[in-house]
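Shown next, in structure tokens, is the structure this report addresses.
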Amino acid sequence: MKRANIGLFMGHFLKNALKTKVIYIMFGIFLLLTAYAAVSGINNYFKQNTIRLEHQQKARQSWEANPDKHPHRMAHFGTFAFRLKQPLSIFDYGIESFTGNAVFLEAHRQNSVNFSDAGFSTGTLRFGELSMAMLLQLVLPLILFFLGFSVVVSERENGTLKILLSQGADWKEILLGKSLGLFILALLFFAPIFLVTMFFLMFGETIANPADSWQRFLLLFLGYALFLLILSFISIMVSTTAHSSKNALLTLLGIWLLMVVLVPKTSQAVGSAIYPTPSKLSFQSGVERDVLKKGDSHNPEDPYFNRLRDSVLTVHGVDSITQLPFNYGGFVMREGEKTSANLYKKHHDSLLHIYEKQNNVSRFTAVLNPFVAIKTISMAFTGTDFKGYVDFQEQAEVYRYQLAQEMNELQMEYISTKKVSGSEGKKHVVGHEHWEEFPDFQHQMQPLQSSLNEASLGIFSLLGWVLLSFLGLGYLSKKAKAI
């Protein structure tokens, strides 16, 4: 196999492709769609982050504006946590539009994340949003299949293939040269999206962790390059094995339908059927039932907390809670918060495990379907996948727990030990300066290593598909016929 011949066939393919007007029409349309998706993504990024930051600041101002107050009242006053969009979310929206981005944080209660874009839409969001990732995942494969379906089979139909082979050309050189030619065409369509995203990272705004964003960017677009290379190989292989151009086109359209619609939708339905999830009502009632079984920290006659009180009195060698060196009400609230948080975590982990098993059914099809592989990689590195959403939930819950326990500690330390229950108006209060001492919520993007773990199956799948494509070309070069 000679490199010069591969380059010759690659150049010949590009020359012929660029001669036709249709490629310029498709490129023009693709550029318009790219421009629309890029402007929408960037506008949405700035708009959403501005709104969320403003509301986060307002929530903070509201928290700090509270006067001297009983700490437990402040724990119930609560605050909000807002999820910020990540820089690369301009490229891939993932599931962000369907998950919430704000949650109210208060003592004893883990509220749902609310205010998703889908919740405010008219229903058209169900048909999908036009993002740059969507163009690369859905539209560009169709364009590549259209450009590549007749590359080999038409030469066989015209008789030029036989002439090439009779002049000493090798099947491997022909197939590899045309595959690489198609791949270069794919990169022409790919380049504007790559450049828009790169320029946004360079000039869009001051990014908190630029090294992390650039590493994600490089891994993301390397994954897309592999995806386009695989599609180029598939197009040429189908064109080589088809008996006519019509059959080649129909076969490629069938592959696209299978990859993009049938396999992902079917695997999602199968996952939900095998691993059904409990309803929201069932989940919440399960948590509350277990909390009540353990003990109600707000009930002075609760047996569990009565036993706890007796043990505390024994440890400190006193007869009454008013003789303790700390406020017993705050102590009970602290223990009750710890118990309810642990029980919630147990139920929540169980629910996440079910979702994980559902998602795995779809995720494992990445081994057979490069579309699922690149979709998994894309959402993982842009932080718009399910894992990113769960990571925000966990950060918010950690903050909520720390806030509640900080208020309980303040109660134990500053509220009179004679005080048993209730705030008794303004008699038992803590200075408002303590509200400012507790830090505000800051959403952090999940570590790159976590995204790498999530995308690992997709990465190995794409590498496997590239290897399989080379082997397929080698096999076809021995079996393909010129007539």
- Task: Can you send over the carbon and sulfur percentage of the accessible area for the chain, probe radius 1.4 Å, protein chains only?
- Result: 62
- Within straight-line cross-link reach of Lys47, lysines at Cα separation under 23 Å, skipping those fewer than 8 residues along the same chain: Lys58, Lys85
- Would you be so kind as to identify which of Met10, Leu462, Gly431 lies farthest towards the positive end of the dipole of the chain, taking Lys and Arg as +1 and Asp and Glu as -1 on Cβ and the Cα centre as origin? Met10
- Note on the structure: Reduced to Cα centres, the span from segment 256-309 to segment 385-404 in Å works out to 17
- Specify the inter-centroid distance of segment 42-111 and segment 329-370, based on alpha-carbon positions, in whole Å. 21
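Quick one: order Ser97, Ser311, Ser244 from most to least accessible surface, probe 1.4 Å.
Values: Ser97 5, Ser311 55, Ser244 30 Å².
Sorted descending by solvent-accessible area, the residues read Ser311, Ser244, Ser97.
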- Task: For Arg109, enumerate residues with amide H under 5 Å from its amide H, sequence gap 5+ or separate chain, H modeled in the peptide plane.
- Result: none
- Item | Relative intensity, log₁₀ I(q)/I(0), of segment 159-316 from a Debye sum that treats every alpha carbon as a point, q = 0.11, 0.13, 0.18 Å⁻¹ | -0.80, -0.92, -1.15
- Could you pull the Cα extents of the chain along its three principal axes, largest to smallest, in whole Å? 105, 44, 40
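Per-residue ellipticity at 222 nm for the chain, helices alone: DSSP H runs ≥ 4 residues times -39500 (n - 2.57), over residue total, nearest 500 deg cm²/dmol? List each step's numbers first, then the result.
Working: 17 runs with 324 residues, N = 483.
Estimated from H runs of four or more residues: -23000 deg cm²/dmol.
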- Query: Cα-based count: Lys pairs in segment 371-483 below 25 Å, eight or more positions apart or different chains?
  - Reply: 4
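From the P(r) of segment 134-233, can you give the percent of Cα pairs sitting at distances over 16 Å?
Values: 3200 of 4950 pairs.
Counting every Cα pair in segment 134-233, those more than 16 Å apart make up 65 percent.
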- Mind grabbing the accessible area of Val372 for me, 1.4 Å probe, Å², rounded to tens? 10
- Give, as a single signed number, the net charge of other residues whose beta carbon lies under 12 Å from the beta carbon of Gly286, with Lys and Arg counted +1 and Asp and Glu -1. +2
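Before I look further, what does segment 151-202 give for accessible area per residue, probe 1.4 Å, in whole square angstrom? Show your work: numbers first, answer last.
Working: 2060 Å² over 52 residues.
About 40 Å² of surface per residue is accessible.
So what is the accessible area of segment 1-117 per residue, in Å², with the probe set to 1.4 Å?
Values: 5930 Å² over 117 residues.
For segment 1-117, the per-residue accessible area is 51 Å².
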- Could you state the principal axis extents of the C-alpha atoms in segment 264-328, from the largest down, to the nearest angstrom? 66, 19, 16
- Item | Simple Cβ-charge dipole of the chain, Lys/Arg +1 and Asp/Glu -1, about Cα centre, in debye nearest 20 | 2320
- Query: By the scheme Lys and Arg +1, Asp and Glu -1, what is the net charge of all other residues having a beta-carbon under 12 Å from that of Glu173?
  - Reply: +3
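The values are calculated or read from the model by the stated rules, or taken from the named source; none is laboratory data. Everything numeric here is computed off the predicted structure, so don't read it as measured data. For neighbour counting, all protein chains shown are included, and Cβ atoms are generated from backbone atoms with ideal geometry for every residue, glycine included. Accessible surface is based on the protein model in full, side chains and every heavy atom, while ligands, DNA and RNA are left aside. Shrake-Rupley method; radii C 1.70, N 1.55, O 1.52, S 1.80 Å.
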